[in-house]
Amino acid sequence: MSKHRSIHLVSQALLVPILLLGCGGDAALKPPVLALAPNCAALQTIALPNTVMKSAVAVAAGAANPGAPELPAHCIVTGEINPRTGVNGVRYGNNFELRLPRDWNGRFQFMGVGGTAGYIPPAIGADSGDVAPALAQGYAIVTSDMGHVGSNASDASFGLDPQARIDWGYNAVDVVTVAAKELIRRYYGKSPEYSYFVGCSGGGRQAMMAALRNPTYFDGVVAGAPILEQHVAQIGSMQILQEFTAISPKDDKGNPILSRSFTDADFKLIDDAVVDKCDALDGLRDGLIDNYPACTVDLKPLQCKGAKTPACLSAAQVTAMERVMAGPKNSRGELLYPGRHWDTGFKNWRPTMIGTSTTPVPNSRRGSNTSIRLVFMTPPAPDFDYLKFDFDRDPPRMMASAPFTATNATDWHAFRRAGGKAIVYAGVADELLNTNGVHNWYRNMIRDHGGLESTREFVRYFHVPGMGHCRGGDSLDRFDHFKALVDWVEHKQPPEFMIATGKTFPGRTRPLCVYPQQTRYKGSGSIEDAANFTCQ
């Protein structure tokens, strides 16, 4: 029997007040008469606490989504919750976009947003493989800028404002969900029968935060490549920048050029070594490393015997890469964050790790990442030099951000008691997220929730061989995780695997197995057909 998850506490302020009729001992409470919005435009006139309703526009079928799959007729509602003037006179507020299809299926999806947020993607539903957007399937969809407007998806200047940090960390998910469900109730005359949160990267972190902090808001969540513990994971970023900068060629003034620490040919050498050593560990040479836990690579055979050439790595490159793969340590040799998995994907490291800048000013995602200075360091340190990060002294400066950003806690008991289900997935070759952090979190969940089978009753984890951050890489990166979640929540069909495809391997299908199982070839039949593989 389906259920509606009620929202208490904050949401009570959004409900139509209950009218007290009669008086004295005969006084009785009557449920309120629901003031329905007679049409889309009327939603703009609804008064919600501390909320500015900005617009409500009806959209015809096939409109307002150029270049994307055709969308049904729907209503687009925009608003801002808790608008205010913050630090340095900057305008802050939890802006949202809610899309309400004319033919509603009675369900609601919160679409997570990646990066440092600060923008509102079209609320058509989170990416879930090569299927129609959730809006086209009849879902009401909301998304938010998570409490601030940024100049781009990496703008972390909001970190200077204490309340904006909290909104981005967790509060926006709370207040936007409450407002969206009330607007849905006003428009359709009833609340959602099922509610879901789906996101990847920063959106994956938001999904996990929703399960932790708002355990009754959503029947199910999908957390892809969740950035679950940057307060410690970014220590790895400091190590990467320092190790690779130290071996970078210098300009005529003696300044290192990070982008020149490795060439594209150097990264390909490492990729080829990984494939050569590990591709067959799962019993099949097919370009996918399913048995990734067994994959370890020694780079010393790639080291040049003499001068550096495109066919070998310098001794400094080998040492730096092996240190990075092993993880950051302090001066006592204590591991501060786990090392990385070996997999294909080093050829995709340039944008994230070293960039393309020909000057001493790096433009890589790690080198130009201001969120470390402004969000994860507490208090913010706008002028902090990453190359001077001290692995003994500075890690505590990162830890103070955990209470409002981290989702690596294992206290999912309230979510579990409420009947919630979660699918978590990550690419083994993710260049931005160290998936060992996600693996450690899930192993801790198993420890704290009665073992593997008990944990699988409400949270299932999937690793995606070869996949980069959320998608891409030498992988099968297209799979319908949202349908798998809905089938689990609404039809009690927990996913043992999901069928995956990808542009890197055209025509190939494979089962994506639930952790700790791995895909194995049955020994006969086409290796392009999922039917010839099993999960072991």
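The values are calculated or read from the model by the stated rules, or taken from the named source; none is laboratory data. Model, not experiment: these values are computed from the prediction. So basically every Cβ, Gly included, is an ideal-geometry build from the backbone, and we count neighbours across all protein chains shown. Accessible surface areas use protein heavy atoms only, side chains included; no ligands, DNA or RNA. Shrake-Rupley method; radii C 1.70, N 1.55, O 1.52, S 1.80 Å.
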Given 41-52, 352-363, the highest-first ranking by average Cβ count within 10 Å works out to 352-363, 41-52
Highest mean packing first, using Cβ neighbours within 10 angstrom, the peptides 96-106, 408-418 sort as 96-106, 408-418
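For GLU334 and LYS503, what does the FRET efficiency come to when R0 = 41 Å and r is the distance between their Cβ atoms, rounded to the nearest 0.05?
Numbers: r = 42 Å, r/R0 = 1.02.
Step by step, r from the Cβ atoms, then E = 0.45.
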Under the 7 Å Cα-to-Cβ spin-label approximation, ILE166 and SER454 lie apart by a distance in nanometres of 3.5
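Ignoring ligands, DNA and RNA, please state the percent of accessible area on the range 164-313 from carbon and sulfur, probe 1.4 Å.
53
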Checking rank on 522-528, 257-263, with mean other Cβ inside 10 Å and highest first, the result is 257-263, 522-528
Here, ASP264 and ALA307, labelled 7 Å along Cα→Cβ, have an inter-label distance in nm of 2.4
In whole angstrom, the spacing between the Cα centers of the range 100-145 and the range 218-275 equals 31
Within the range 75-104, the residues whose backbone N lies under 14 Å from a label point placed 7 Å from the Cα of THR370 along the Cα-to-Cβ direction are 88, 90
The Cα radius of gyration of the range 353-397, divided by 2.2 N^0.38 Å with N its residue count, comes to 1.23
Relative contact order of the range 429-506 (C-alpha contacts under 8 Å, at least 6 apart) in percent is 27
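Would you calculate, for the chain, the mean residue ellipticity at 222 nm contributed by helices, counting each DSSP H stretch of 4 or more residues as -39,500 (n - 2.57) and dividing by all residues, to the nearest 500?
Values: 12 runs with 122 residues, N = 536.
The helix contribution divided over the chain gives -6500 deg cm²/dmol.
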Simple spin-label estimate for ASP392/TYR521, 7 Å along Cα→Cβ, in nm, reads 5.2
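I need to check one value: relative contact order of the range 76-156, counting alpha carbon pairs closer than 8 Å and at least 6 residues apart, in percent.
Values: 177 pairs, mean separation 28.4, N = 81.
For the range 76-156, the relative contact order is 35 percent.
Hey, what's the chain come to in accessible area per residue, 1.4 Å probe, Å²?
Values: 21910 Å² over 536 residues.
I get 41 Å² per residue for this part.
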Accessible-area order for LYS190, LYS388, largest to smallest, probe 1.4 angstrom, reads LYS388, LYS190
ILE354 neighbourhood, Cβ < 9 Å, K/R = +1, D/E = -1, net charge +3
In whole percent, the fraction of accessible protein surface over the range 462-528 that belongs to carbon or sulfur atoms, probe radius 1.4 Å, stands at 54
So the angle from the long Cα axis of helix 315-326 to the longest Cα principal axis of the chain, reported in degrees to the nearest 10, equals 30
Taking Cα pairs closer than 8 Å and at least 6 residues apart, the relative contact order of the chain in percent is 12
Excluding residues fewer than 8 positions from LYS181 in its own chain, the lysines with Cα under 18 Å of it are LYS3, LYS54, LYS190
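Past 31 Å, Cα to Cα: identify those pairs from LYS277/LYS522; LYS308/LYS503; LYS277/LYS483; LYS305/LYS503; LYS305/LYS347; LYS277/LYS305, in the order given.
Values: LYS277/LYS522 22 Å; LYS308/LYS503 35 Å; LYS277/LYS483 36 Å; LYS305/LYS503 38 Å; LYS305/LYS347 23 Å; LYS277/LYS305 21 Å.
Beyond 31 Å: LYS308/LYS503; LYS277/LYS483; LYS305/LYS503.
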Rounded to the nearest Å, the spacing of the alpha-carbon centers of the range 459-480 and the range 316-360 is 21
For the chain, one quarter of the surface area of the C-alpha convex hull, expressed in nm², comes to 29.3
In degrees, nearest 10, the alpha-carbon axis of helix 172-188 is tilted away from the dominant principal axis of the alpha carbons of the chain by 40
